[in-house]
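The block underneath contains the structure these notes are about, expressed in structure tokens.
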Amino acid sequence: MRLALLTISFAAFIVSGCGRDSQVEDKAEIVRLSWVDTAAPQEMANHDIAEKRYRLFRVCEYASSCEIPGVGTMNAERCYPSIAKETIGAFLRPEEVSYELWRLTDKASKFSAQYNKFVAKSLADRGQRKCSDSADWDGAISALGGFLWREKKYDAFLWTSAEKPVIGISLKADVPTESILPGLCKILASHGLTSDATLSIVNDSPLSKDRAEHSYRCTD
């Protein structure tokens, strides 16, 4: 299963505006999130760890924007694949959301970041992290995007997989892969992924003579 970065869709959670009572839904969501006002992340994490209840919190803002604060969505999937991911936060539509719901969702994100860091460290200390200590998938993907979009000015689409240690790049510019591979490998190395990740690159430019998908492994 490919996870398309920046364009993740959760259409099932989008509610039609027809007949929707946003104030009632706001109040229900505020009640559901009210616990974060008094939640102590370290205390809760320590309690859950003592009970062997390992989980990471996912927070959603808008129907298409979910993240696992403090750890990173892809780090959570790649490094802690068997750990439960629990969603808190609202599936929000910005034109219909009250200040109080925004405040609670923001607080849920800050709480989750601290809680997730405590749990992830505990799992790593117990040898349950499935990545190398220096591996940072989310940081690498962000840096790769910056390299391609901002530095090289290329039209490109990045994707990754929850099942395989692959970072896919679909280039819309007709450029030789060899010209950008050193820069891509340098980014993987700086995020601890030289030995973990495979680059899968395809040139989708209409001008490209080779539109096949090619895999590359970087070396130290």
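The values are calculated or read from the model by the stated rules, or taken from the named source; none is laboratory data. Model, not experiment: these values are computed from the prediction. With ideal geometry, Cβ positions are generated from the backbone for all residues, glycine too; neighbour counts draw on all protein chains shown.
Flag not set for Thr177, criterion: touching a strand residue (DSSP E or B) at 6+ places or on another chain (Cβ under 8 Å), modelled with pLDDT of 90 or more and outside the structural domain of Glu67 (by TED's automatic domain parsing). The listed residues are Arg58, Arg32, and the only one of them that is surrounded by 15 or more Cβ atoms within 10 Å (Cβ to Cβ), modelled with pLDDT of 80 or more, within 18 Å of Thr105 (Cα to Cα) and out of contact with any Phe, Trp or Tyr (no Cβ under 9 Å at 6 or more places or on another chain) turns out to be Arg58. Exactly one residue out of Gly70, Gly19 is of a type outside the set (Asp, Glu) and modelled with pLDDT of 85 or more: that is Gly70. Scan the stretch 147-159 for residues that are more than 13 Å from Ile180 (Cβ to Cβ) and part of a helix (DSSP H, G or I) and the total you get is 1. Residue by residue through the stretch 182-198, note down the ones that are more than 16 Å from Cys79 (Cβ to Cβ) and of a type in the set (A, V, I, L, M). Scanning the stretch 182-198 gives Leu184, Ile187, Ala189. Looking at the stretch 187-211, which of the residues that are farther than 19 Å from Trp159 by Cα and of a type in the set (D, E, K, R) is surrounded by the most Cβ atoms within 10 Å (Cβ to Cβ)? My answer is Asp210. Of everything in the stretch 115-145 that is more than 16 Å from the chain's Cα centre (by Cα) and part of a helix (DSSP H, G or I), the residue that is surrounded by the fewest Cβ atoms within 10 Å (Cβ to Cβ) is Asp125.
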